[in-house]
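Novice: First the structure, which I've put down as structure tokens, then a few questions once you've had a look.
The values are calculated or read from the model by the stated rules, or taken from the named source; none is laboratory data. Source: prediction; values computed, not measured. Using ideal geometry, Cβ is built from the backbone for each residue, glycine included, and neighbour counts are taken over all protein chains shown.
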Amino acid sequence: MPKPAHILLVEDNRLDIELTLDAFRQAHVGNTIHVARNGREALDYIFGEGQYEDRETYPLPDLILLDLKLPGIDGHKVLRRIKGTPGPKQLPVAILTSSEEEGDRALSYECGANSYLTKPVSFEGFLKVVDRLGEYLLTLDVGPPKVHASGKNQG
């Protein structure tokens, strides 16, 4: 049985954060979820900067759930920075957004997104998305070796 994963949820909308956390609890997906409320906070977490320097307390995520419409540094800029840096570029990033715009989806994949998921409007729909994420990205998908933000393998 796989060990619980660390998920970084990058979301600025309080209600969407609560909905996501509730859906993970309801789906009994036993993972640790860290929340970044904007692009700057997400980058600090991923690169171990500022308050997120302690990797024991704030380990690199096994999965990043990234909203696109963020204040300050938007989701596409966060994605470009992650995927443009050795080490973090190997982290799986699933876009989780309310945007159904074809341009947003195309740009997300062009920037290196691993998945693009549109937020369902119902809680039941959200439970299904979380359940699929748990199965596919966290248990069935065998990713690259763990790396430090510096790009060095952890082992």
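Novice: Are any of the residues in the stretch 62-69 in contact with a strand residue (DSSP E or B) (Cβ under 7 Å, 6 or more places away or on another chain) and farther than 21 Å from Ser108 by Cα?
Specialist: No - not one qualifying residue is present in the stretch 62-69.
Novice: Name the residue that is modelled with the lowest pLDDT, counting only residues in the stretch 1-23 that are in a helix (DSSP H, G or I) and over 18 Å from Tyr58 (Cβ atoms). Even if it seems obvious, please write down each step before you answer.
Specialist: First pass over the stretch 1-23, keeping only residues in a helix (DSSP H, G or I): 14-23.
Now narrow it down to the ones that are over 18 Å from Tyr58 (Cβ atoms): 14-16, 18-20, 22-23.
Working: Arg14: 93, Leu15: 88, Asp16: 87, Glu18: 89, Leu19: 85, Thr20: 84, Asp22: 84, Ala23: 80.
It comes out as Ala23.
Novice: Just a yes or no: is a residue in the stretch 120-134 in a loop (DSSP other than H, G, I, E, B) and either within 15 Å of the chain's Cα centre (by Cα) or among the aromatic types (Phe, Trp, Tyr) (or both)? Spell out how you get there, then give the answer.
Specialist: Restricting attention to the stretch 120-134, the residues satisfying the condition of being in a loop (DSSP other than H, G, I, E, B) are 120-122.
In the following step, the residues that additionally are either within 15 Å of the chain's Cα centre (by Cα) or among the aromatic types (Phe, Trp, Tyr) (or both) were identified as none.
Looking for residues that are in a loop (DSSP other than H, G, I, E, B) and either within 15 Å of the chain's Cα centre (by Cα) or among the aromatic types (Phe, Trp, Tyr) (or both), one finds none in the stretch 120-134, hence no.
Novice: Could you list, in sequence order, the residues of the stretch 112-145 that are at pLDDT below 65 and in contact with a strand residue (DSSP E or B) (Cβ under 7 Å, 6 or more places away or on another chain)?
Specialist: Result: Leu137, Leu138, Pro145.
Novice: What pairs can you find where one residue is in the stretch 55-67 and under 15 Å from Pro92 (Cα atoms), the other is of a type in the set (Ser, Thr, Tyr) and crowded, with 21+ Cβ neighbours inside 10 Å, and their Cβ atoms are less than 7 Å apart, with a gap of 6+ or different chains?
Specialist: Matching pairs, first to second residue: Asp67/Thr97.
Novice: Considering each of Ala36, Ala5, Ala106, Ala42 in turn, give the residue that is more than 21 Å from Gly125 (Cβ to Cβ), touching an Asp or Glu at 6+ places or on another chain (Cβ under 6 Å) and of a type in the set (A, V, I, L, M, F, W, C).
Specialist: Numbers: Ala36 fails: touching an Asp or Glu at 6+ places or on another chain (Cβ under 6 Å); Ala106 fails: touching an Asp or Glu at 6+ places or on another chain (Cβ under 6 Å); Ala42 fails: touching an Asp or Glu at 6+ places or on another chain (Cβ under 6 Å).
Of Ala36, Ala5, Ala106, Ala42, the one residue that is more than 21 Å from Gly125 (Cβ to Cβ), touching an Asp or Glu at 6+ places or on another chain (Cβ under 6 Å) and of a type in the set (A, V, I, L, M, F, W, C) is Ala5.
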